[in-house]
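The values are calculated or read from the model by the stated rules, or taken from the named source; none is laboratory data. Everything quoted here is computed from the prediction, not taken from an experiment. Reconstructed Cβ throughout: ideal geometry from the backbone, glycine too, with neighbour counts over all protein chains shown. The protein model used for the area step is the full one, side chains on, heavy atoms only, and it has no ligands, DNA or RNA in it. Shrake-Rupley method; radii C 1.70, N 1.55, O 1.52, S 1.80 Å.
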Amino acid sequence: MCGIVGAVADRDVVPILLEGLKRLEYRGYDSAGVAVLDNDHRLCRSRALGKVAILENQLKGSLKGLTGIAHTRWATHGEPSESNAHPHICNETVAVVHNGIIENHEMLRQQQIAQGFKFTSQTDTEAIVHQIYQHHVVEEKNLLTAVFEAVSHFDGAYALGVVSKLEPGRIIAARKGSPLVIGVGIGEYFIASDVAALLPVTQRFIFLEDGDVADLSKEQLVIHDGSRNIVERTVQESSLRADATERGEYRHYMLKEIYEQPRATADTLEGRIFANKLLEESFGANAGAIFDKISGVHIIACGTSYHAGLIARHWFETIARIPCSVEVASEFRYRNPVVRNNSLIVSISQSGETADTIAALQEAKRLGFGYSLAICNVPESSLVRESDLVLMTRAGPEIGVASTKALTTQLVALMLLVIALGRRHGLTGKEESRIVRELEHLPGKIDKALQLDDKINAIAEQFADKHHALFLGRGAHYPVAMEGALKLKEISYIHAEAYPAGELKHGPLALVDSDMPVIAVAPNNELLEKLKSNLQEVRARGGELLVFADAQSYMQSTPGVQIVEVASVDDSISPIVYGIPLQLLAYHVAVLKGTDVDQPRNLAKSVTVE
């Protein structure tokens, strides 16, 4: 989950590295550092605990060089500290930045201590730089060969940027299990964990594949595969603009991304529906033939994407009439699941680099589960490349750690898949047309939900002194409640739990009192009356209720019960719309409590390590 940037050019690369780190700070912000080869080929380094701005202020133009690497860290091995910050250097000669986890680092550390290497950090990365130094300096091999030799000793995942003062003007990059991209300039090359880091300097990118080792200099780029053969990788032109990752007029990225949801949902639908019908080719040229064979769906995902899967399970079973199971990716890969014939494995990830989801997909393919489909926001990602079919969500860059538009667009994509499979299991043309029309109206429905912003902002003041909250929902809106609880806890640090409302009597009622607000999602569907009964159970115990209710549910505010009316929406898409006010609630509570909304403590955006 760390962020890597590197550059080799005929100009000072420090400003490029710092700008790249700022754009990657969502990947890690425990510490940051930069190392460059100066004009005298000395290896100079600066590191700082905390955010990139602290490092930038510390440098104040003191570091310059034509070749350099930089890093922003999310701690895995070793606490956040300057000594654990990257880059790590061995004997003032070799420097390394690293994203990933080296699982056998303790064994390597013991071997290297016996060889006389001294460790100054608690990180697994220091074992990497010592191993490269051993092959490069002690065994007198060139840097490329030294990296190849070193990585053969590593178990685990890594993306590496390596420089040596013995070979100035050169960066070696290596990738296995963690994303790494090369930016192609004019007479200069760059590396980064993410395209966003390099948008100010190039729009042309090469996405390294697992096992690749790249040799970069000003003059040329040579890529080798895991067998050390020279290979060609396609140069792709990015459609993203540098300002796509700017906050603009918004106070936080999260708020900007909440307000981008009408546009993002429209973009996700564009070109995929016509004349009230789904265009099945949206999933790929051979999608129809694959869908004809599918008799069940198996969704694997993590975090917010997992909640999207739970909502979609209701759709697959009630609309498409096809069995669906949903699993947390990190659990699926270790529980030895029973293979089901003719299942479609659906993996969901905003970044497409979520380590657990990728590994779960690979395990499903190894076990012979069948065809796979990725729902993802990054077309060049590992998850996309691993899958038979793909549906891109077109959400655009999402920088805030708390996912908002990623969830909304994932749900839109999942509903399109529900329609595609439903056609084969009894979904009528009339019903398909009705759902498609509802999807077409979805951007406007989301826009109406956003108009509740001021009211929700005022309500947020009631949470200023709260430490716990309970979220309730029924049916497809129970996962909506789960997502609301997740949003509140991850950015406001209020402990929040979600339960199916019908489960109150089986335990959660014991927690209810006037100090723990209860937030309920109450669409106008066949479960509304049962939900009202559940809410009465809360009031009878002195619980304070905040209810997001359909305008036609005829629920009214009373002492202890605050109703926020949500514009009426069809039940097929109501889980998407009801997620919006819960996002706004979490956002405003976090702002009120003074937390770091976009970069909450202990969390990072893209979870690329297990």
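Observations on the model:
- Any pair with Cβ under 6 angstrom, 6 or more apart, that starts in region 326-340 at a residue that is within 18 Å of G370 (Cα to Cα) and ends at one that is exposed (fewer than 14 other Cβ atoms within 10 Å of the Cβ) and not hydrophobic (A, V, I, L, M, F, W, C): V339/G368
- Restricting region 293-304 to residues that are over 18 Å from T318 (Cα atoms) and of a type in the set (A, V, I, L, M, F, W, C) leaves a set whose member that is surrounded by the most Cβ atoms within 10 Å (Cβ to Cβ) is I300.
- Filter result (part of a helix (DSSP H, G or I) and in contact with a Lys or Arg (Cβ under 6 Å, 6 or more places away or on another chain)) within region 38-71: V52
- Among residues of region 274-306, those that are in a helix (DSSP H, G or I) and either among the small types (G, A, S) or in contact with a Gly (Cβ under 9 Å, 6 or more places away or on another chain) (or both), counted: 9
- Filter result for L504 (buried (at least 23 other Cβ atoms within 10 Å of the Cβ) and at pLDDT 90 or above): no
- Within region 72-86, the residues that satisfy the criterion of being touching a residue at least 60 places away in the same chain (Cβ under 8 Å) and in a loop (DSSP other than H, G, I, E, B) are W74, T76, H86.
- When each of A567, A551, A540 is tested for being modelled with pLDDT under 85, open to solvent by 20 Å² or more (accessible area, probe 1.4 Å), within 18 Å of L450 (Cα to Cα) and out of contact with any Gly (no Cβ under 8 Å at 6 or more places or on another chain), the lone residue that passes is A551.
- Residues satisfying the stated conditions in region 194-217, i.e. closer than 18 Å to A70 by Cβ and of a type in the set (D, E, K, R): D194
- Residue list for region 554-563, filter: touching a helix residue (DSSP H, G or I) at 6+ places or on another chain (Cβ under 7 Å) and crowded, with 19+ Cβ neighbours inside 10 Å: V561
- Complete set of residues in region 316-336 that are of a type outside the set (S, T, N, Q) and open to solvent by 10 Å² or more (accessible area, probe 1.4 Å): E317, I319, R321, P323, C324, V326, E327, V328, E331, R333, Y334, R335
- Test: residue in region 56-67 that is open to solvent by less than 20 Å² (accessible area, probe 1.4 Å), touching a residue at least 60 places away in the same chain (Cβ under 8 Å) and under 12 Å from K165 (Cα atoms): yes
Residues checked against (1) more than 23 Å from the chain's Cα centre (by Cα); (2) charged (D, E, K, R); (3) open to solvent by 40 Å² or more (accessible area, probe 1.4 Å):
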site	(1), (2), (3)
E188	yes, yes, no
A197	no, no, no
I223	yes, no, no
E232	yes, yes, yes
L240	no, no, yes
E249	yes, yes, yes
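- Lone qualifier among D210, D215 - being farther than 22 Å from R385 by Cα and either open to solvent by 10 Å² or more (accessible area, probe 1.4 Å) or part of a strand (DSSP E or B) (or both): D215
- Qualifying positions in region 251-275 - in contact with a Leu (Cβ under 7 Å, 6 or more places away or on another chain) and either modelled with pLDDT of 90 or more or loosely packed, with under 15 Cβ neighbours inside 10 Å (or both): I258, Y259, T265, L269, R272
- The set of residues in region 220-273 being part of a loop (DSSP other than H, G, I, E, B), of a type in the set (D, E), in contact with a helix residue (DSSP H, G or I) (Cβ under 9 Å, 6 or more places away or on another chain) and touching a residue at least 40 places away in the same chain (Cβ under 8 Å) consists of E260 alone.
- Qualifying residues in region 295-325 (those that are in contact with a Phe, Trp or Tyr (Cβ under 7 Å, 6 or more places away or on another chain) and among the β-branched types (V, I, T)) - the one farthest from V384 (Cα to Cα): I322
- For I290, the conditions (1) within 29 Å of Q362 (Cα to Cα); (2) open to solvent by 30 Å² or more (accessible area, probe 1.4 Å); (3) at pLDDT 90 or above all hold with the exception of (2).
- The residue that is nearest to K532 (Cα to Cα), counting only those in region 484-501 that are open to solvent by 10 Å² or more (accessible area, probe 1.4 Å) and not in a strand (DSSP E or B), is L486.
- Boolean, R27 is of a type outside the set (A, V, I, L, M) and surrounded by 19 or more Cβ atoms within 10 Å (Cβ to Cβ): yes
- Cross-chain or 6+ apart pairs with Cβ under 6 Å, region 189-201 first and on the phi < 0 side of the Ramachandran plot and part of a helix (DSSP H, G or I), then among the charged types (D, E, K, R) and open to solvent by 10 Å² or more (accessible area, probe 1.4 Å): A196/R23; A197/R23
- Assessment of region 359-369 against the conditions (open to solvent by 10 Å² or more (accessible area, probe 1.4 Å), outside any loop (DSSP other than H, G, I, E, B) and touching a residue at least 40 places away in the same chain (Cβ under 8 Å)) yields at least one matching residue.
Results for (1) more than 13 Å from S351 (Cα to Cα); (2) assigned to a loop (DSSP other than H, G, I, E, B); (3) in contact with a helix residue (DSSP H, G or I) (Cβ under 6 Å, 6 or more places away or on another chain), shown as yes or no for each residue.
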site	(1), (2), (3)
I375	no, no, yes
E380	no, yes, no
L383	no, no, yes
E398	no, yes, yes
V418	yes, no, yes
G422	yes, no, no
